[in-house]
Structures are given as structure tokens and as C-alpha cells.
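Below: the structure, in C-alpha cells.
Values quoted throughout were computed directly from the atomic coordinates according to the rules given, and no laboratory measurement underlies them. Predicted model, so just to flag it, every value in this text is computed and none were measured. Neighbour counts are summed over all protein chains in view; Cβ atoms, including those assigned to glycine, are modelled from backbone coordinates with ideal geometry.
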């Protein structure tokens, strides 16, 4: 996959030379109004805010850091949309480990996709003088991004789902290779009818895993049967429903590749309720390698996403940006790895 | 359970009047040496440090807050021994939610029970001027506790395992009631031979859950058979081993109460490998209600520990202490709750 153009917005360019007075003149508003926008206060009309932010953006305005601060320890902000994500704790582990070694404190927040929470967080971030932000999300709010740019706070996105963000370094996982490896494993065991419970189509990672699945089938000369691909949303419930749909087919699959571990656990439960044994009667492969699937019944064969490593790399990248160095590449995909446990076996003889 | 005496060390007493000069005189050391101890530096001999810390403690010395700080947002420190704990993410969720509402940032750290990490963390905590510390642990390091007291940083312990800490507010869970409820549920289904995979005996929570189990059996007139109680360490592997030991008994139990969810998952896997169906042939109850057991195969009947609520109460308590208010009680146990899912059923007819 080709690296994305970082654009010309430049997180690492020197402080812009434009003054607030000049921005105020061009926007036709008072200097205090521009100041309020820069400082993220809410007492500005949306239209004025939009006009001022556009001018700040055009001129590459960056707020100067405060001249003096008595806080002598660095802080970075690790922001989740939702701490209920199964990925959260693994990413926190990786981030905390590297940040701790660098003497940097990790402030963990959740913004729940709510703009009120995000504004509040931005206000706190300003007050605590954050040295960098790691955002774990698949949906980057352009306003947040713009406000961070104005503040001069470096931003890195950790995105296990693979969405692209414009001009922001993104750390993801090798989803296509993971889909390929999961499917090749089932093919090598002798399966030919392999069902896929896919992720949400709006996320690039779903598409990448699906393409990996197709590529493995085609390389093995197995025709792709679209009736064996059912939709899911990465949650267990959709794995349960999706697996039931596959089992209701006139010619059901002998193996199921679920594009997330939670969906795989839902699929295993659907099989259990029908009295079908895993892996003797149906094989199941997941995707993520969450800690809990090491002891699911049976322990799950899955594709490991290096979530802790992604967190570690995110800290190193954001600290480089904080020192005005460039990241290695605007987008990095860390490798995924097949982990074979007890939920896969050769197909039952029919 | 009677509230513990908070002692006279007083986290909330006014700043002590003793000076560093006076402490130096009594200890027979120089003022800079006392200063080094107060500031947690390492260039002091252990014997001198011990003598000075004892005098600081006796005089109730508390460091004055710095006169000026430009950091205008509050921070609290949430410290785990190990972020790999299954409890971690639920507690983070609760803490972050209440802290966020209060405009307070949550700095998450792990100290891995290593004194080097703890010292490093203490140095960072000082530098970032933390407003309060929530420690999630079953083993409170007395040195850390003492250093925080000297710094005047309020401390609250969240301890799902139930150990007591001297003079520090502790938030725990009602372990005895949980053990009682789990066992009563199995008795009500008709089970009479109920195995227990217990937690580590050094932890009070293990003892409390075991006593709840005994109390339920005795109340039902079922004699306690000590051969049905096997040891575990809360991890899945020990649940697997413990369940196998129970199944190898000449008269094995028809139901198993595992004192943690992870041990319950290990027990379910042991049963699956022997071809025994849960719950048709053997019932299993866990303890914790981790998010992952809602979709284990089968979904697990368990005792819910209110981990997120424990985190929320910890924030409220530490903020009260930061405002020199007393906590409601030095020790609070939040209620546990039986959650019935699909891993329990009446015993199979023999």
C-alpha cells in the first residue's frame, strides 16, 4: 500500500508568523474573539468560529508555548473513543510502558464520540499543557485535529481499523495479510467451504481482511462463493447471528473465519447451541488475539494484532514529533501473526 | 464488618508546624539531607533515610504545596501493579468517567511490583504535581505510602482482593456476600455436591468468598466436605487444574464455584476436554463478571464485582481528601450481585 501524502499542513513546520491582530482584521472581528477561538472557548458563534479557524488554518497559525511552566514532567494524552473497546487495555499497556521509560505520564481519556466530551477534553488538554496526543479511533474529528494543529500539539493516530487520516501519522495493522493467513490455514487443513463473517464495510480493515480471504481462496483455486460471506459489526452478537445464517445454508461451510475475536466467540456459542462441536465438526478462526481467547472453550485459533506494539510505536512517534523530527513514514502497518490453538482441525468426513 | 480505625496519622490534618531544620537537628544530619529525603532523592543512605522518615512521621510533617503553578488543570494518578489484570480496564472506565466530569485528567501507570518502577513513578508524580493517587493493588508498599503522606498527596486504595491498609481509605467489594449468593444459587437448583476452586489463601477476599460458600452450605444443612475445596490463584490455568482434581474424585461434584471468572473459564475448558457438557452435566459459577464472560461458551453465571463503580467512588473519595474533607468511612465495600446466565442448571439425574 503506498504511503499517503502528508500534505502541506506541516505539524513540524516552524511557528507561523501571522499575528492574531492580522487574523482579526481579515475576519472582521475583534482580537479577543480570535483569542477565544484559539483558546477553544465556547462563547463564539459557530459561523464566526468557522471563519476564524479557516483563516488560522490558511495562515498556518500556531499558538506559542507558554513562556514559563513549573510542571517539569512531560505528559501525553491517550484518547479513546470508548474504553469499552476490547483493544483498549492492550494499547494502554504498550503506551504506558514506553512513556514510563521516557519519564512521561500517560493521561487516559474517553470522548465517547460526543462533541461535548471532546470539547471538555480539549479544554483540559490545554490547561495541563499536553506534550502530545495519541488518538485511538477509526473516525478522526476534523475540528479536533485542527485545534490540536493550532495549539502545536503533535498528534498520532492508532487505528486498528485502518482508516486514513489526512496529514496525520497513522499506526495500523497488516489486515490484508492477516485475512490471507487465516484463510490459508483453513485451506491447508483441507477445508474448501470456508465462511466469512466480515466486519463493517465502511471500515477499510474489513475490506482488507475480506480481500485477504479472497486472495487465499483464489490462490488455492477455490472459487469464491458470495453466499458464504455474511456481514457483522465486530461484536459477539453479530458473530452469533452471522454463524447461524451460515449454518442455515443448504450447503453450510465446514469452517468459519470471523473478522474479529468477539464475532468468533459469538460463532462458537451459536455452534454450541446447535450441538456442533468445535473443531471436530466446524472450525473457527478469529482476528485480534484478545487475552480472553486463550481460555475460551476451546482456546481460539486467531490472527494476532500487535496492539501493545502499536501503542509503543505511537509513543515513539509522538515524542519524535514533539522534538520537531519527522516520523519514519506517515503510515505504518505492523505485521499480524497467525496463532494456532484448538478451534481448528481438518474437516469432518461427510 | 466493622470499619477500621483510621489511626492518628491524619491525611486531612492541617500542615504540620515542624520545620526541616528541627528535623535535621533531631536526626543529627544536615538540612540538605532532610530535604533530599523529603524530595525522594536516592543519594541518602538507607539508615539515614529511615531515621529521618521516622521523625517526619512522628511530627506529622507535610510538604507545603508550591506557591505558584501554571498548570491549571487537576491531575490524578491511577496506579496499577499490572495493567494485565482483568480488572484494569473496568476500573479505568469508572475512574475516567468521574474524573472527566470533574475536569480532572487521569494519569494511568503500572509499577509491576518493581521498586525501581515505583521510585521512577514517584519522581514523575512529584514533577507533575499530582492532586491525588488511586492505587489498585492488594499489596501496599509502606514506603510509597509514607512518601505520599509526606508530600501531602491524598491516597485511596481500590482493592478488589480485600487486603487492609493502615490509615488509608480502601474501597473493596462484598466478597463474603458474593460467595454466599453463588453457592445459594447452586443449592436452589438442587446441587448438594458443590466444589470450590478457591483463591490464594493469603488474600482476604479468598477467605471471604470461601466463608460465604461455607455459610450457604451450613444454612442449607449440607455438610461441608473439605475434599471438594481445591486451591487456585485466580488464573485460568489453576481453574483448569483445580477442576480436573475435582473430577478425579471418587464422588465428583455436580457443580463448581470458581472464585474468579478466569478460573471458571479454565474449569469450563477442563470439562469440555473430558466431553462433559456445561451446564447439562456439570454447572459452573464464576466471580467478577468480566466483559468477556457474557460470550463464553456457554455464557457464564457469575458474581458481579462493581469494578467501574469502585473506580468512581475512589475518585470522589480522593477529591474529598484533596479538599481536606474526611471520607465517608475508612473502608467501603460495594455490593456484589449474582448474574445468572447459561452455565448453571439443575444437576443431571444420576
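Observations
- Compared with the dominant Cα axis of chain B, that is its longest principal axis, helix B:115-128 is turned about 60°.
- Between the Cα long axis of helix A:46-58 and the first principal axis of chain A there is an angle of about 90°, rounded to the nearest 10.
- Entry note: the protein assembly as shown has Rg to Rh equal to 1.01, where both radii use alpha-carbon atoms and Rh is the Kirkwood radius.
- Distance histogram for the stretch A:175-305 (every C-alpha pair counted, 5 angstrom bins, percent rounded to whole numbers): 2, 12, 25, 27, 22, 10, 2, 0
- Over the stretch A:175-305, relative contact order from alpha-carbon pairs under 8 Å, at least 6 apart, %: 24 percent
- Only Cα pairs under 8 Å and 6+ residues apart enter the sum, and on that basis the relative contact order of the stretch B:119-218 stands at 24 percent.
- Mean partner shielding of peptide B:90-98, defined as the number of other chain Cβ atoms within 10 Å of each residue Cβ, is 3.
- The other copies place their residue A:219 label points at 6.1 nm from this one, listed shortest first, where each point is 7 Å from Cα along Cα→Cβ.
- GNM top mover of B:248, B:159, B:261 - chain B, alpha-carbon springs below 10 Å: B:248
- Residue A:192-residue A:45 pseudo-label distance in nm [points 7 Å out on the Cα-to-Cβ vector]: 7.1 nm
- Summary of packing: across the peptides A:327-336, A:101-110, the per-residue average of other C-beta atoms within 10 Å ranks them, highest first, as A:101-110, A:327-336.
- Taking Cα atoms only, the orientation of helix B:175-188 departs from the longest principal axis of chain B by about 10 degrees.
- Paramagnetic label zone (point 7 Å from Cα along Cα-to-C-beta, residue A:82; backbone N under 16 Å) in the stretch A:127-156: A:136-140
- Virtual paramagnetic centre 7 Å along Cα→Cβ of residue B:280, amide N under 20 Å, in the stretch B:324-350: B:341-350
- Residues of the stretch A:285-319 with amide N under 17 Å of a point placed 7 Å along Cα→Cβ from residue A:337: A:286-294, A:300-313
- In chain B, the DSSP-assigned H stretches of four residues or longer account for a calculated mean residue ellipticity at 222 nm of -12500 deg cm²/dmol, using -39500 (n - 2.57) per stretch and the full residue count as denominator.
- Given R0 = 56 Å, the distance between the Cβ atoms of residue A:249 and residue A:143 translates into a calculated FRET efficiency of 0.80.
- When residue B:115 is represented by a point 7 angstrom out along its Cα-to-C-beta vector, the spacings to that point in the other copies are 5.4 nm, nearest first.
- For chain B, the relative contact order works out to 18 percent when only alpha carbon pairs closer than 8 Å and six or more residues apart are counted.
- 7 Å along Cα→Cβ, label-point gaps from residue B:102 to other copies, nm, shortest first: 2.9
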